[in-house]
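Please treat every number below as a calculation from the coordinates, not as lab data. Just so you know, these numbers come straight off a predicted model, no measurement behind them. Methodologically, a virtual Cβ is constructed for each residue, glycine included, from the backbone with ideal geometry; neighbour enumeration extends over all protein chains shown.
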Amino acid sequence: MNPATLIENPDVVLIGSGIMSANLGALLKRLDPSLRIQVYEATTGLAQESSHGWNNAGTGHAGICELSYTPKCESDGSVNVQKVIDIFEQFEQSLQFWAHAVASGMIDQPQDFINPVPHLSFVHGQPQVDFLRARHAGMSAHHFFQDMEFTTDRTTISRWAPLLVAGRDQTPIAATKMDRGTDVNFGTVSRKLLAWLGQQEGCGVADGHRVVGLTKSGPGWAICAKNIATGHVHATRAKFVFIGAGGGSLLLLQMAGLPEAKGLGGFPIGGQWLVCDKPEIVSQHQAKVYGQALDTAPTMAVPHLDTRVLDGKKTLLFGPFAAWTTKFLHREGSWTDLLRSVKLHNLTTLLKIAWGNLDLIKYLVQQGTQSMADRMKVLHIFYPAAQAQDWKLIDAGIRVQAIKRTDGEAGIVHYGTEILTSADRSMSALLGASPGASVSVNIVLDIIKTSFPHLFATENARLRIKELIPTYGENMRLPENAARFRELQLRARQALQLV
Ligand SMILES: Cc1cc2nc3c(=O)[nH]c(=O)nc-3n(C[C@H](O)[C@H](O)[C@H](O)COP(=O)(O)OP(=O)(O)OC[C@H]3O[C@@H](n4cnc5c(N)ncnc54)[C@H](O)[C@@H]3O)c2cc1C
């Protein structure tokens, strides 16, 4: 990595070097080359937190396999597929921007960060088989998912993913498959985009620099960033600040004293994976296989058996197992983070949430105290012949779910992603983590639209956005756009070497 570079009084400060800041910085600079942008990252090295390859599942969430996005059958037996259509379209925007970045030479070697891996949903028991059949009927009727396959045939499932079938009892099973799924190393794509940004005129990327001060100053912000190695504090000003600090965002929002953040709290959920690198097992599985949520598990703890491609090596990953933690960041977090986030303005909401979610808290404590044998029981639901000695347990990233007041209610644990923008639009922050990295380009486009409206205002500006994201502003869901959508999708996939 290049040495940390610091610039004076930039237009934009991005806090954090994960996938959100990386996409936002690269898109902004592409849309307005005159912008001066500074990135501060607390860790040594970039994108070492949630976006790092081992800290998330690397699923390019496109709604194909994740059963939690499709509610149960309606009274007429159909399944509402609106949300998966939304997520598919949003992920497609990420693919298009990264394809543009490759095609225009901003970044290289897409196989370092994205690889084709089929996405499967897998269920067992007759009620779930009926649900999956109805979900497939709803989804394959739309051109986004028209090549999705459904089967209850064991031989076919065994061909798709042999580990799912070997040694299984006679309970009915079913699966769907789409070959156009992906495995993404969000950390690598972040580092590539930030390396490009750091080489641009008027831009600086400084790792090892923790933001320790954020104060309103005229129309913009005064920012202090501490060099972790030397203790030196770099003070600067910027017109716009993006808090893309992942789990660290809530504490920074509180530091900035944004009235919009009053009452907000955070609830950290840790994660763990089982990992297998035995070549004779890894070579038998080439898929991301998602199942149904177990018991009281929150949606982000739905287990899946995944092929991962990290640093050119294939591995199998199973989980996540949720875990109780009070840290907001995996690497740079502190056990006091949760306590420090409790303020007078969010105390009541947090207490009410805790009271209203005792089952979830019990679930997290129980998950954290599981033995290897307990974890293997869950793995056997997917891979009946799995042996404990082939798997090791590692830590995953931490998700800090936003907790907010709702009208008249005690509050909710918000599992989605939340963009918070100050009234004068000089600061935006991102809270929450699902579906997260996959839809990051769509999320940062919303931030740009709100705080840099001039970049969308003219016909020329719109044309420039369409160079970066060709489907931008067009409704690709409409059946009459199916052919154009397929053409643009193919072009992006070719650039990313996915076909
Ligand atoms: C277990 C797990 C599985 C997941 N699986 C998937 C998946 O399969 N697909 C998917 O799309 N998404 C997945 N996600 C979500 C995804 O990882 C996140 O949405 C995404 O990585 C968030 O990116 P970010 O840039 O907001 O945050 P991060 O990548 O966490 O980056 C934030 C950065 O800010 C830095 N920072 C914090 N405080 C400061 C400070 N004061 N000063 C300077 N820097 C600071 C941190 O060090 C960090 O590098 C998963 C998440 C988890 C935890």
For segment 2-123, list log₁₀ I(q)/I(0) at each q in 0.13 Å⁻¹, using the Debye formula over Cα point scatterers of equal strength and ignoring solvent, two decimals each. -0.71
Once you sort the root eigenvalues of the Cα gyration tensor of segment 264-414 as a ≥ b ≥ c, which label holds: rounded (a/c under 1.5), prolate (a/b larger than b/c) or oblate (the other case)? prolate
For the chain, the percent of all C-alpha pairs falling in each 10 Å bin, from 0 up to the bin holding the max distance, is 4, 19, 29, 27, 16, 4, 0
Residues whose placed amide H lies under 5 Å from that of V39, excluding near-sequence neighbours: L14, G204, V205, A206
Helical mean residue ellipticity (222 nm; -39500 (n - 2.57) per DSSP H run of 4+; nearest 500) of the chain: -9500 deg cm²/dmol
Protection proxy ranking, peptides 62-75, 326-339, average beta carbon neighbours within 10 Å, highest first: 62-75, 326-339
How high is the relative contact order of segment 264-414, in percent, with contacts defined as C-alpha pairs under 8 Å that are six or more residues apart? 36 percent
Sort 242-251, 40-49 by the packing proxy (mean of other Cβ within 10 Å over each peptide's residues), most packed first. 242-251, 40-49
Positive minus negative residues near T326 (Lys, Arg vs Asp, Glu; Cβ under 12 Å): +1
Can you tell me which of 458-470, 118-130 comes out highest on packing, and rank the rest after it, using the mean Cβ neighbours within 10 Å? 118-130, 458-470
Count the net charge of all other residues whose Cβ sits under 11 Å from the Cβ of Q200, scoring Lys and Arg as +1 and Asp and Glu as -1. +2
Using alpha-carbon positions, the gyration tensor of segment 212-266 gives root eigenvalues a ≥ b ≥ c; with a/c under 1.5 called rounded, otherwise prolate if a/b exceeds b/c, else oblate, the class is oblate
Measure up K72/K314; K239/K352; K239/K466; K177/K352; K278/K404 against 32 Å on the Cα-Cα distance and list the ones that go over. K72/K314; K239/K352; K177/K352; K278/K404
Relative contact order as a percentage, the chain, C-alpha pairs under 8 Å and 6+ apart, gives 22 percent
Net charge dipole size for segment 264-414 [Lys, Arg +1 and Asp, Glu -1 on Cβ; Debye, nearest 20]: 260 debye
Would you mind calculating the relative contact order of segment 121-186 from Cα pairs under 8 angstrom and at least 6 residues apart, reporting the percent as a whole number? 44 percent
Which residue, P110, A62, A457, has the largest displacement toward the positive end of the dipole of the chain when charges sit on each Cβ (Lys, Arg +1; Asp, Glu -1)? A457
Reciprocal mean inverse distance between Cα atoms of segment 63-139 - Kirkwood radius, Å: 14.6 Å
Give me the dipole magnitude in Debye, nearest 20, for the chain about the Cα centre, with unit charges on the beta carbon: positive for Lys and Arg, negative for Asp and Glu. 580 debye
Considering the dipole of the chain built from charges on the beta carbon (Lys and Arg +1, Asp and Glu -1) around the Cα centre, which of Q200, Q128, L250 is farthest to its positive end? L250
Cα-projected label distance for R340 with I381, points at 7 Å along beta-carbon direction, nm: 3.6 nm
Magnitude of the Cβ-charge dipole of segment 103-194, K/R +1 and D/E -1, about the Cα centre, nearest 20 debye? 100 debye
